[in-house]
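Student: Got a structure for you, questions after.
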Amino acid sequence: MNFDGKRAAVLGLGSSGEAAGRLLHAYGVQVTILDSGTPDPDKVRSVQQLGISVITGPPAEVAEAAYDLAVLSPGIDPAAPIVQNFLKQGASFTGELELSARFCQRPIVAITGTNGKTTTTQLIEAMLNAGGLRALACGNIGTPFAEAVQRQEKFDVFAVEVSSFQLETISTFRPHVAVWLNLTPDHLDRYRSMEEYRTAKLRIFENQKTTDYAVTNRADDLPPLAAGQIRFSAYSKDCDLTLESNTILFRGKPILNVDETNLSGIHNVENLMAALGTAYALNLSWEKAGQGLRDYHVLPHRCERVGEIDGVKFINDSKATNLDALAKALESQAHPVVLLAGGKDKGFEFDTLEEIVRAKVKHAVLIGEMADRIFRSWSKVVACSIANSLRDAVIEARRHSNRGDVVLFSPGTSSFDMFKNYADRGNQFREIIQELKR
């Protein structure tokens with residue numbers, strides 16, 4: 001692949017955009033990064049010192065698009081003025097995922113789904129490393145794929161967390177193993193319908209061949225796939241990976257006792273199944289796979305127990321940015337729940353959760369843009385109150401909780417109305433609990 005002397009524009013100076021710019025620069029491309037916001041000055045200086053040009057603020061939205069290649073960072077909405085300016089000038093975009101894959105010389109395990117992507121990606125990384133394969137979790141998980149590819153001589157395989165946004169701009173991206181975890185309503189502020197969202201997700205399979213593998217959830221009705229399919233389900237028996245008495249079976253053979261892992265909840269059982277399906281695709285023994293999965297510990301903000309006050313347990317599930325994640329968090333609770341929920345309006349309603357809220361929740365404290373709408377829906381089935389801040393919500397939750405209860409912070413939507421991101425939201429919740437314990 002010869003990019004030497006070519007000119008490329010990278011839209012967005014976030015982590016993925018910076019990594020894409022550095023990758024192209026390493027291969028002799030003349031790179032300009034454009035960002036209509038106000039990026040970190042240290043980051044701007046860092047890339048400029050390499051010889052990468054940077055255009056920021058309003059000038060980035062009217063810049064000329066005379067480049068050999070235009071790369072779109074996944075976090076930028078195609079409707080944004082900076083993108084529309086390029087499109088009006090006849091530009092077409094390559095995404096950071098597609099770009100990185102063109103330089104990648106290692107097998108790719110790509111993981112997508114509405115929920116569980118990060119946990120499953122890290123499970124696969126831990127499992128493969130325990131099995132003797134040098135693996136790195138990257139992509140939407142934190143380390144951009146473009147950054148990982150620049151160090152590929154140190155690894156045997158990449159476990160790449162892939163979002164629908166990243167899949168929108170692929171053309172040749174072909175993972176050796178494509179993992180489909182689930183599909184539930186999300187990002188309807190970006191997509192016009194669930195079908196449009198589903199179509200974007202399905203692109204993970206479009207370039208696979210018969211020598212590749214697709215590890216898929218039995219619950220989802222997928223179109224015919226070229227790759228060899230390995231199906232899993234914690235609910236159904238007519239697939240490859242099944243559950244019986246808290247033991248995961250592969251085609252009837254017990255391979256992993258879930259109680260021996262550090263994970264709980266039916267959603268994590270299916271994440272473990274997806275990892276084990278990947279182990280089969282990569283010819284990794286069940287013994288080695290099990291070793292890595294048993295050693296894995298839950299990540300922050302995913303049903304993370306952050307403290308106990310007066311016999312009440314506080315659980316941080318800030319990563320629950322959609323309804324299915326919230327539902328699964330509630331399903332995994334065995335004690336009465338005081339629920340903290342709400343946040344940014346992402347275009348979906350909370351009415352579908354009324355049944356599980358009635359069954360699991362004794363009181364709901366609501367925050368954010370969605371608070372009033374959720375109140376109108378849930379107050380028919382459970383006592384609800386509205387708080388103006390997260391701290392007020394925690395204090396209100398304590399008022400309605402008793403010894404033996406669980407206060408579950410599982411918002412069910414995004415955080416951007418009140419916080420930087422889900423991690424900021426979860427960290428603030430944890431800090432509040434720690435302060436209250438003193």
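Student: Based on Cβ point charges of +1 for Lys and Arg and -1 for Asp and Glu, what charge dipole magnitude is obtained for the chain about its Cα centre, in debye rounded to the nearest 20?
Tutor: Numbers: 48 positive and 53 negative charges, 107 e Å.
Using only the charged Cβ atoms, the result is roughly 520 debye.
Student: While we're on this one: Once every DSSP H run of n ≥ 4 in the chain is given -39500 (n - 2.57) and the sum is divided by its residues, what mean residue ellipticity at 222 nm do you get, rounded to the nearest 500 deg cm²/dmol? Write down the numbers at each step before the final one.
Tutor: Working: 15 runs with 146 residues, N = 438.
Per the formula, -9500 deg cm²/dmol.
Student: Sticking with this structure for a sec: Calculate the spin-label point distance for residue 305 paired with residue 352, positioning each point 7 Å from the Cα along the beta-carbon direction, and give it in nanometres.
Tutor: Placing both labels 7 Å along Cα→Cβ, they lie 3.1 nm apart.
Student: Can you give the extra length, in nm with one decimal, that the chain gains between residue 194 and residue 209 once fully stretched, where that is 0.36 nm per residue apart less the Cα-Cα distance?
Tutor: 2.7 nm
Student: Over 26 Å between Cα atoms: which of 319/346; 360/380; 43/88; 6/209 fall into that group? Please list the in-between numbers first.
Tutor: Details: 319/346 15 Å; 360/380 15 Å; 43/88 29 Å; 6/209 31 Å.
From 319/346; 360/380; 43/88; 6/209, over 26 Å: 43/88; 6/209.
Student: For segment 67-93 and segment 133-175, compute the distance between their C-alpha centroids and round to whole Å.
Tutor: 22
Student: Taking the alpha carbon gyration tensor of segment 7-91, what are the square roots of 5 times its eigenvalues, largest first, to the nearest whole Å?
Tutor: They are 18, 14, 11 Å, listed from largest to smallest.
Student: For segment 222-234, what does the Karplus curve 6.51 cos²θ - 1.76 cosθ + 1.60, with θ = phi - 60°, yield as ³J(HN,Hα) per residue in whole Hz, taken in order and with x for Gly and Pro?
Tutor: Ordered by residue, 3J(HN,Hα) equals 9, x, x, 10, 6, 6, x, 9, 10, 9, 9, 6, 8 Hz.
Student: Cα centroid distance between segment 388-438 and segment 204-230, in Å?
Tutor: Measuring centre to centre over Cα atoms gives 39 Å.
Student: Next question, about the same structure. Below 9 angstrom from the Cβ of residue 381, what's the summed charge of the other residues (Lys, Arg +1; Asp, Glu -1)? Let's see the in-between values first.
Tutor: Details: positive: 358, 380; negative: 354, 355.
Every neighbour counted, the sum reads 0.
Student: Say a paramagnetic label sat at a point 7 Å from the Cα of residue 424, along Cα to Cβ; which residues of segment 332-352 have their backbone N under 16 Å from it?
Tutor: Within reach of a label on residue 424: 343-345.
Student: Apply the Karplus parameterisation 6.51 cos²θ - 1.76 cosθ + 1.60, with θ equal to phi minus 60°, to every residue of segment 310-324 and state each ³J(HN,Hα) to the nearest whole Hz, in sequence, with x for glycine and proline.
Tutor: For segment 310-324, the Karplus-derived couplings read 6, x, 9, 8, 10, 10, 9, 10, 4, 5, 6, 9, 8, 5, 5 Hz, x marking Gly and Pro.
Student: What are the ³J(HN,Hα) values, in whole Hz, obtained from phi via the Karplus relation 6.51 cos²θ - 1.76 cosθ + 1.60 with θ = phi - 60°, for each residue of segment 5-14 in sequence order, with x given for Gly and Pro?
Tutor: x, 6, 10, 10, 10, 10, 8, x, 10, x
Student: Fewest Cβ neighbours within 10 Å first, please rank 273, 370, 127 accordingly. Write down the numbers at each step before the final one.
Tutor: Values: 273 31, 370 24, 127 28.
Taking fewest neighbouring Cβ atoms as first place, the list is 370, 127, 273.
Student: If amide H atoms are built 1.01 Å from N in the plane of the peptide, which residues on other chains or at least 5 residues away come under 5 Å of the amide H of residue 216?
Tutor: 180, 230, 231, 232
Student: In whole Å, what are the extents of the chain along the principal axes defined by its C-alpha atoms, from largest to smallest?
Tutor: If we take the Cα atoms of the chain, the spans are 67, 53, 41 Å.
Student: Which residues' amide hydrogens lie under 5 Å from the amide hydrogen of residue 184, considering only partners 5 or more residues apart or on another chain, with H built in the peptide plane?
Tutor: 114
Student: On full extension of the chain, what length is gained from residue 238 through residue 266, given 0.36 nm per residue of separation minus the C-alpha to C-alpha distance?
Tutor: 8.3 nm
Student: Express in nm, to one decimal, how much length is gained between residue 45 and residue 221 on full extension, taking 0.36 nm for each residue of separation and deducting their alpha carbon distance. Intermediate results must be reported in sequence, preceding the final value.
Tutor: Values: separation 176, 0.36 × 176 = 63.36 nm, distance 4.84 nm.
Between residue 45 and residue 221, full extension yields an extra 58.5 nm.
Student: Right, here's the next one. 5 Å is the cut-off here: which amide hydrogens, built 1.01 Å from N in the peptide plane, fall below it relative to residue 256, excluding neighbours closer than 5 in sequence?
Tutor: 248
Each value in this text was obtained by applying a stated rule to the coordinates, not by laboratory testing. The model shown is predicted, which means the values in this text are computed figures rather than measured ones. Cβ sites come from the backbone with ideal geometry, for glycine too, and all protein chains shown count toward neighbours.
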